Each structure stands twice: as structure tokens, then as C-alpha cells.
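> One structure, as C-alpha cells, below. Some questions next.
The values are calculated or read from the model by the stated rules, or taken from the named source; none is laboratory data. On a predicted model such as this, the values are computed, not experimentally measured, just so you know. Backbone-built Cβ (ideal geometry, glycine too); neighbour counts: all protein chains shown. The protein model used for the area step is the full one, side chains on, heavy atoms only, and it has no ligands, DNA or RNA in it. Shrake-Rupley method; radii C 1.70, N 1.55, O 1.52, S 1.80 Å.
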Amino acid sequence: VQLVESGGGLVQPGGSLGLSCAASGFTFSMYDMGWFRQAPGKEREFVAAIKWRGSNTYYADSVKGRFTISRDNAKNTVYLQMNSLKPEDTAVYYCARNSYGSRWYDGSKYDYWGQGTQVTVSS
């Protein structure tokens, strides 16, 4: 199993950034997927998750209305579109595979993680 994030970078407050996570080594379309983030000195936190069919999505309150998670099962890829970015969104963003089928906010229910991609929101 391999998860590889890309798309991070430096963006000004109010700007947008899109992250991608390419999956391989498993049947991607059978698993729910999630995005988490970790800022320096803080615990990892849930950002968003999407059901295996893409029919349901879940968001942390802090990003609801600004971030959009989506997936393309034909490309084995999950995306995170981030709009109206704030300095407090600065973190390393990780995608992960949910092995539980629910409790998408709970990092312990994810069994494989990517290496992370840095997002910095600063003027």
C-alpha cells in the first residue's frame, strides 16, 4: 500500500490550493479515505473524509465551507481543494486509508498514511 500526497506549497491568506493523494497497492474504490493535518507543536487533527463511492463527505468544523474533498476511483486519487485559506491552516497535510468504515474523525481508524505535504499560508 502506498499513498503519495502532492500539491502543497506557500499561499497567501485568502488564496486556494489543491492537494492530491495517489493511491496504489490496494483496491482504492473499496475504501473510505481521509485527510488529516498536523501543525508544529499541535496534535494531528481530522480535516475531511469521503466514503468509498464518494457519496458522502465529512468535514471538521474548522474547514467546513472552505475545503472540499473528492475522489476519482478510476484514477485511484483523492483530492482536497482548499479555498479561503487562513494562516491557521498551515500544517503538514496527510491522506490516509480508513480501515474501519466509519469514525472518520478518528485517526486510529486509519491503517495507512502518506508521507505528508506541507501547506503554508502566509503573506
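> Assuming a strict under-25 Å limit between Cα atoms, what lysine pair count do you get for the chain once near-sequence pairs (fewer than 8 apart, same chain) are dropped?
Eligible lysine pairs with Cα atoms under 25 Å apart amount to 9.
> Also: Carbon and sulfur together cover what percent of the accessible area of segment 10-123 at a 1.4 Å probe radius?
46 percent
> Within segment 28-47, what residues put their amide N at less than 15 Å from the label point 7 Å along the Cα-to-Cβ vector of Q115?
none
> Between beta-carbons, use under 13 Å as the cut-off and find the net charge around G101, counting Lys and Arg +1, Asp and Glu -1.
It works out to a net charge of +2.
> Which of the listed residues, W113, M82, Y93, is farthest toward the dipole's positive end in segment 74-123, when Lys, Arg count +1 and Asp, Glu count -1 at the beta-carbon?
Value computed over the given set: W113.
> If you line up the Cα atoms of the chain on their principal axes, what length do they span on each, largest first, in Å?
Its Cα atoms span 41, 26, 25 Å along the three principal axes.
> Report the FRET efficiency, 1/(1 + (r/R0)^6), for S24 and S99, where r is their Cβ-Cβ distance and R0 is 22 Å, rounded to 0.05.
0.85
> If you don't mind, there's one more thing I want to ask. Over the chain, give the accessible area per residue in Å² for a 1.4 Å probe, as an integer.
Per residue, the chain has an accessible area of 50 Å².
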